[in-house]
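For reference, the structure is listed below as structure tokens.
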Amino acid sequence: MVHHTMAISSTSASRASSKIRPMTSTLLRCVLTALIVGTLAACSTPPAPSPSSSGVLVPPPPAPAAAPLAGDDRPLPGPIVQPKSRWVPVRWAELPGFQDDALHEAWNAWIRSCERPVAPFVALCAEVRQLSIATLEEQRAWMVARLQPYRVETLEGAAEGLLTAYYEPFLDAARQPGNGFGVPLYRLPAGFGQRKPWYTRQQIDTLPEAQAALQGRAIAWVRDPIEALVLHIQGSGRLRIAEPDGSTTLVRVAFAGTNDQPYQSVGRWLLDQGLTRDATWPGIRAWLAQNPQRTQELLWSNPRYVFFREEPLPPLDAQFGPRGAQGVPLTPGRSIAVDRLSIPYGTPVWLASPGPQAALQRLVLAQDTGSAIVGAVRADYFTGWGPEAGDIAGRLKQPLRLWVLWPR
């Protein structure tokens, strides 16, 4: 799955983004719980320095180090250097929230990664599958015994990076244009690959030769050009398609390719022209509501165009997201996109990110990538599908720390 992240700067929210069905109630409860935990943690911060008898502020004593976990007493190995990151070995006690995470929620994502494991994890996958019905304590003890945590840093030693999020849009569509459905979602055009780069977004909309190459290539038609753009940015989505016979079909449209034109953020375009100070999706839509005559201009500011392929969506597949770059389905709240030159696909990762949108401390799996997900400590968090997932994904932009969990 290929997706893009909008580069924005906003006074009211810090990220503009959008990706299928509403997030499951479990994921929503997890996010809400994380928010509550983050608030309680904020209330338990160390006290401010107090004045001594001489009037000099005396800092509070440092917080005590976390007690070592049972079984985590082996000598630490040396660091591991990747093309874009350095992994520094640490004790399990360094991982914030490790004792509290509902690990079983991540186990399905881990089993999915075991469908296409990277070499170091092949030997562990049988045990991972067996532990799917284990208790949380058994899962935790197994991880401590079998895996070594490494703090991910840049090659220069910086350990803090950036977390954003993405999701799958869920749109109503029709097989034929009309009745308000006027925006096509195309398969790869005829003769694709003979001309690189292919036509820009504006040329696709206006040039007869581009339209001829796309004749008969529409998978379906949606109502809103902005929602279609969001689908292009996220790279995949779900469609509830009205068929000509009156029936309804639920399908996934997955990323098939692009026109090889550069991606330009429409939020950045608005900011650079001084047209808005809120480049979140709500802010962009508010601006469009006041300036509907400039919709096409905004769309054409991003020359990149995405083509899709249609995939069936049976009930079992509908419980997961699209296939990520690892080639396995994504799990809401437990899959991340990473820079594979920093973290290999299929690696279990401990993620810690303090608010403001969500306080996250949890086990996730590196299963995807994205054109904007570049760097050592960088991740895009898959929130699920539908409007609620999109609302969280569109606003999540906050500090991040990562630990890879590598076989001993």
(message) Kindly evaluate Ala325 against the criterion of being more than 27 Å from Leu207 (Cα to Cα) and either touching a helix residue (DSSP H, G or I) at 6+ places or on another chain (Cβ under 7 Å) or not in a loop (DSSP other than H, G, I, E, B) (or both).
(response) no
(message) Looking only at region 300-322, count every residue that is part of a strand (DSSP E or B) and surrounded by fewer than 23 Cβ atoms within 10 Å (Cβ to Cβ) and tell me the total.
(response) 5
(request) Working only within region 268-299, note down all residues that are open to solvent by less than 20 Å² (accessible area, probe 1.4 Å) and modelled with pLDDT under 95. (result) Ala279, Thr280, Trp281, Gly283, Ile284
(message) Among the listed residues Pro399, Pro356, identify the single one that is more than 25 Å from Pro120 (Cα to Cα) and part of a strand (DSSP E or B).
(response) Pro399
(message) Need pairs with beta-carbon distance below 7 Å; first residue more than 24 Å from Lys84 (Cα to Cα) and within region 353-374, second assigned to a loop (DSSP other than H, G, I, E, B); sequence gap 6+ or separate chains.
(response) Gln357/Leu396; Ala358/Leu396
(request) Report, by residue number, each residue of region 126-169 that is open to solvent by 60 Å² or more (accessible area, probe 1.4 Å) and under 24 Å from the mean Cα position of the chain (by Cα). (result) Leu155, Glu160
(request) Please state which of the following conditions Leu95 fails to meet, knowing it meets all the rest: (1) of a type outside the set (Lys, Arg); (2) open to solvent by 50 Å² or more (accessible area, probe 1.4 Å); (3) closer than 19 Å to Leu360 by Cα. (result) (2)
(message) When you scan region 279-287, do you find a residue that is assigned to a loop (DSSP other than H, G, I, E, B) and over 21 Å from Ala393 (Cα atoms), even just one?
(response) no
(request) Identify the residue in region 188-231 that is part of a loop (DSSP other than H, G, I, E, B) and among the polar types (S, T, N, Q) and, among all such residues, is surrounded by the most Cβ atoms within 10 Å (Cβ to Cβ). (result) Thr200
(message) I'm checking my understanding of the structure. Among residues of region 344-372 that are among the hydrophobic types (A, V, I, L, M, F, W, C) and modelled with pLDDT under 95, which one is farthest from the chain's Cα centre (by Cα)?
(response) Ala359
(message) Among the listed residues Asp339, Asp317, identify the single one that is at pLDDT below 95 and charged (D, E, K, R).
(response) Asp317
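The values are calculated or read from the model by the stated rules, or taken from the named source; none is laboratory data. Bear in mind the structure is a predicted one, so any value in this text is a computation, not a measurement. When we count neighbours, we look across all protein chains shown, and the Cβ atoms used for this are built from the backbone with ideal geometry, even at glycine. To get the accessible areas, we keep the full protein, side chains included, count just its heavy atoms, and leave off ligands, DNA and RNA. Shrake-Rupley method; radii C 1.70, N 1.55, O 1.52, S 1.80 Å.
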